[in-house]
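The values are calculated or read from the model by the stated rules, or taken from the named source; none is laboratory data. Keep in mind that what you see is a predicted model, and the values were worked out from it rather than measured. In this analysis, Cβ positions are derived from the backbone assuming ideal geometry, glycine residues included, and neighbour counts consider all displayed protein chains.
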Amino acid sequence: MHLVRRRLWGLAREAQLTPDHHYDPYDRLAPVYDWMAWSLLLPFGGEDRFRGAVVDALGITPGTRVLELGVGTGAMTRRMVDAGARVTGLDLAEPMLERARKKAPEADLRKADILAFEAEEPFDAALLAFVLHEMDPATRAGALSTAARCLRPGGRLVVLDFDGRAPFPIDPVFRLYLRLAEPEVGRDLLEGGLLRCVERAGFAVSERRSLATGTAQVLVATRP
């Protein structure tokens, strides 16, 4: 079945088709994505502070091999490279990748389906930043399976995504934003769902940190 899936993806790529699980708006959002991220994070201490906390969770030392599943415009990629990581990043939105390559030309950034990726050698760490909330449960499981498959034994997984622990009055405003701007499929992750999802994938979660006044969370886990 695995070989069949890889072959089907290869045929789709040759025909310039996009997998069903690709969240299409990012092709169109690429020109304004960085401005949106900067604006949304400004009230919570700014983008550098926020993304810096995620890089710290990865435990990067010079030469750490990191697999970034869902590159976006490369904001996290740039910070990981600056910390000394050797980054391989995947994304299906070419307009996002174009911006990421300009930010982090040292990284190996590829247009690829994260569900079908096979690593040439194991990675020390993997990052999924604001990716899982855009996927249905089966696709999330596939993305986490890729991370597990590509990590070395004891390798570290860091997952950054939305959280549902913000205090009043931030919480109702935040949930309104989610209803207006984010896919409905990811709302089940808010109330502990992200933790359960990662644990079901076989990872041992060692830490769950709250970021941006409870609107985001970062999970730190290891591959057994």
Segment 178-206 residues that are at positive phi and in a helix (DSSP H, G or I), paired with ones that are β-branched (Val, Ile, Thr) and exposed (fewer than 13 other Cβ atoms within 10 Å of the Cβ) (beta carbon under 8 Å, 6 or more apart): none
Total residues in segment 145-182, condition in contact with an Asp or Glu (Cβ under 8 Å, 6 or more places away or on another chain), of a type in the set (Gly, Ala, Ser) and over 14 Å from residue 133 (Cβ atoms): 1
Residue match in segment 139-158 (condition: more than 21 Å from residue 80 (Cα to Cα), modelled with pLDDT of 95 or more and part of a loop (DSSP other than H, G, I, E, B)): no
Residue tally, condition surrounded by fewer than 21 Cβ atoms within 10 Å (Cβ to Cβ) and either part of a helix (DSSP H, G or I) or not aliphatic (A, V, I, L, M) (or both), over segment 82-95: 5
Counted residues, segment 52-78 - those being in a loop (DSSP other than H, G, I, E, B) and not small (Gly, Ala, Ser): 6
Considering residues of segment 207-224 that are among the hydrophobic types (A, V, I, L, M, F, W, C) and either in contact with a His (Cβ under 7 Å, 6 or more places away or on another chain) or part of a strand (DSSP E or B) (or both) only, the residue surrounded by the most Cβ atoms within 10 Å (Cβ to Cβ): 221
Pair list, Cβ under 9 Å, 6 or more apart: segment 63-89 residue closer than 16 Å to residue 132 by Cβ and touching a residue at least 24 places away in the same chain (Cβ under 8 Å), other residue buried (at least 24 other Cβ atoms within 10 Å of the Cβ) and charged (D, E, K, R): 68/91; 69/91; 70/91; 71/91; 72/91; 76/68
Selection count, segment 58-71, where residues are over 14 Å from the mean Cα position of the chain (by Cα) and either among the basic types (Lys, Arg) or surrounded by 18 or more Cβ atoms within 10 Å (Cβ to Cβ) (or both): 3
Segment 136-164: number of residues that are surrounded by 21 or more Cβ atoms within 10 Å (Cβ to Cβ), more than 12 Å from the chain's Cα centre (by Cα) and under 15 Å from residue 194 (Cβ atoms): 1
Check on residue 123, on the phi > 0 side of the Ramachandran plot, within 16 Å of the chain's Cα centre (by Cα) and at pLDDT 95 or above: no
Which listed residue, of 98, 106, is over 25 Å from residue 180 (Cα atoms), part of a helix (DSSP H, G or I) and modelled with pLDDT of 80 or more: 98
Output for segment 116-135, where each listed residue is more than 17 Å from residue 76 (Cα to Cα), surrounded by fewer than 19 Cβ atoms within 10 Å (Cβ to Cβ) and not acidic (Asp, Glu): 119, 122
Checking residue 139 against (1) β-branched (Val, Ile, Thr); (2) more than 19 Å from residue 89 (Cα to Cα); (3) in contact with a His (Cβ under 6 Å, 6 or more places away or on another chain), the condition it does not meet: (2)
